[in-house]
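Below is one structure, written out as structure tokens; the observations come after it.
Read-outs throughout are calculated quantities, based only on the coordinates presented, and are distinct from any laboratory measurement. Worth saying up front: this structure is predicted, and the values here are computed from it rather than measured. Positions of Cβ are generated from backbone atoms using ideal geometry, with glycine treated the same way; all protein chains shown enter the neighbour counts.
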């Protein structure tokens, strides 16, 4: 039996999420190579098994502790805005403030989406 590993690759500038199948090990008994037919992808059990691990890994690495991330971002933004009270260095911190505001908006929307989804369960 061969070992199959599915890797979720970075999309780069594309709006697709490419998957890479790595086949390892040796198959016994068959002289013919495995042919991957597109109809396999349409089978729901195959789709579920292929992406389940990748989605769990992505969820744990990117979206774990969303509330803490939002709280940290608010703290950073607050500290930057406090530093901006010193008018001699306002311009230096203005770009940092914009970056933190964008991050805070992004993660606040993610947090809201998570909370809405949890409330439906």
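With each label modelled as a point 7 angstrom along the Cα→C-beta vector, the residue 120-residue 54 pair spans 2.3 nm.
Taking R0 as 25 Å, what FRET efficiency do you get between residue 96 and residue 63 from their Cβ-Cβ distance, rounded to the nearest 0.05?
Working: r = 24 Å, r/R0 = 0.98.
Calculated transfer efficiency: 0.55.
Here is the tail figure for region 66-120: Cα pairs spaced more than 18 Å apart come to 41 percent of all pairs.
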